[in-house]
1. Going by average Cβ neighbours within 10 Å, how do the peptides 23-33, 279-289 rank, with the highest at the top?
2. Once you've got the Cα coordinates, tell me which of Lys133/Lys312; Lys6/Lys242; Lys121/Lys312; Lys115/Lys242; Lys121/Lys142 are over 28 Å apart.
3. Extension gain Tyr265-Asp54, at 0.36 nm per residue separation less the Cα-Cα distance, in nm?
4. Rounded to the nearest 20 Debye, what is the dipole magnitude of the chain about its Cα centre when Lys and Arg each give +1 and Asp and Glu each give -1 at the C-beta?
5. Please compute the length gained on full extension between Ile321 and Lys237, using 0.36 nm multiplied by the number of residues separating them and subtracting their Cα-Cα distance.
6. Glu111 to Ser301: extension gain in nm, 0.36 nm per residue of separation minus the Cα-Cα distance?
7. What is the stretch 36-121 by shape, rounded, prolate or oblate, if you read a ≥ b ≥ c off the alpha carbon gyration tensor as root eigenvalues and call it rounded for a/c under 1.5, prolate for a/b larger than b/c, and oblate otherwise?
8. How would you classify the stretch 117-194 from its alpha-carbon gyration tensor, with a ≥ b ≥ c the square roots of the eigenvalues: rounded for a/c under 1.5, else prolate if a/b is greater than b/c, otherwise oblate?
Amino acid sequence: MNFNEKNILITGGLGFIGSNLARRLVEHGANVTLVDSLIPEYGGNLFNIADIQDRVRVNISDVRDEHSMRYLVQRQDYIFNLAGQTSHLDSMEDPFTDLEINSRAQLSILETCRKYNPEVKIIFASTRQIYGKPDYLPVDEKHPIRPVDINGINKMAGEWYHILYNNVYCISTSVLRLTNTYGPGMRIKDARQTFLGIWIKLLLEGKPFEIWEGQQLRDFNYVDDVVNALLIAAERKEAEGKIFNLGGAEPISLHDLGNLLITLYGEGTCITRTFPAERKSIDIGDYYSDYSAIANELGWSPGISLHDGLKKTLAYYTENIEHYL
Ligand SMILES: NC(=O)c1ccc[n+]([C@@H]2O[C@H](COP(=O)([O-])OP(=O)(O)OC[C@H]3O[C@@H](n4cnc5c(N)ncnc54)[C@H](O)[C@@H]3O)[C@@H](O)[C@H]2O)c1
């Protein structure tokens with residue numbers, strides 16, 4: 001991969017996936033700028049870049065601020081557009097903030113690129129949440145889009161703005177629909193980003209964690225695999241104007257996942273209970289992705305097993321938990 005000396009902007013760069021991507025790009029010799037608002041309820045955390053802080057530029061600002069973005073997008077070769085409000089429940093309680101960040105700000109970033117840097121290539125992190133409750137499994141990109149929450153609707157708009165700007169204005173964009181992603185740097189203080197985060201926190205604190213129902217199937221990607229996909233999508237011409245699912249190789253029930261976590265950690269307990277009502281109404285049931293399109297067209301597939309990825313993740317938080325509480 002040739003990112004050496006490339007100018008790269010990562011929106012949401014202090015967050016979980018953005019910071020892991022930044023680390024990899026720095027290793028490739030890229031000039032990396034991170035823009036992040038550090039809103040406390042979201043996943044941004046300066047500790048995520050503690051080991052590379054001297055090798056990246058950090059701009060604490062909000063992607064909703066058109067003046068900051070106008071300055072930041074200029075002279076960039078690539079933008080990895082990862083800033084987002086990620087909590088499904090928060091999107092239901094505060095729909096307009098979700099709209100502003102996940103939809104309006106995305107349009108604004110694209111408009112800014114159209115005016116000030118139309119040569120840039122943009123990779124947008126979308127989500128499998130936009131499919132809603134699957135009609136069939138595994139879910140491929142042809143599955144109907146039927147979001148079950150505000151976040152899904154706004155992320156859907158966000159990704160389609162990217163595709164529109166590719167098709168109409170010839171700004172190169174690619175979209176990846178991420179599934180549950182986990183690994184070092186994810187938010188664990190609550191379940192805003194992922195239930196796996198709060199499970200790990202409680203496990204490490206010696207407290208039982210809750211599994212709601214437990215039979216539902218999910219797939220997971222270790223963050224390094226997602227970083228690979230983002231870089232491949234950036235580099236490859238064939239990815240332009242396209243939307244690809246990411247997915248995990250080993251769908252697993254939440255019940256089995258909880259038990260695997262306890263086995264890998266060596267101790268711990270979980271409690272199975274019914275869904276809280278406000279969660280049940282936006283739950284999607286079983287989900288796992290068909291990622292054969294990106295496998296066939298771009299050669300990406302996940303390389304890190306759930307077993308190995310969870311072990312690395314547990315080791316990371318055992319060492320660093322105080323920075324994530
Ligand atoms: N982690 C997953 O399982 C997952 C799954 C599907 C999609 N995604 C998508 O991937 C992207 C990255 O997710 P993540 O897991 O790293 O989450 P994250 O919360 O750790 O990262 C998002 C970052 O965006 C920043 N941010 C939020 N609003 C902002 C704003 N208005 N201006 C500037 N920065 C802002 C946050 O501070 C945070 O650092 C998101 O767009 C998310 O929707 C993630």
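1. 23-33, 279-289
2. From Lys133/Lys312; Lys6/Lys242; Lys121/Lys312; Lys115/Lys242; Lys121/Lys142, over 28 Å: Lys133/Lys312; Lys121/Lys312.
3. Working: separation 211, 0.36 × 211 = 75.96 nm, distance 3.35 nm.
Extra length available between Tyr265 and Asp54 comes to 72.6 nm.
4. Values: 32 positive and 43 negative charges, 98 e Å.
Its charge dipole is roughly 460 debye.
5. Values: separation 84, 0.36 × 84 = 30.24 nm, distance 4.00 nm.
My answer for the length gained is 26.2 nm.
6. 65.1 nm
7. It comes out oblate by the Cα gyration axes.
8. On the way: a/c = 2.17, a/b = 1.32, b/c = 1.64.
Oblate, since a/c reaches 1.5 and b/c is not below a/b.
Every number in this text was worked out from the coordinates using simple rules, so none of it is lab data. Predicted, not measured: the structure shown is a model, and the values here were computed from it. So basically every Cβ, Gly included, is an ideal-geometry build from the backbone, and we count neighbours across all protein chains shown.
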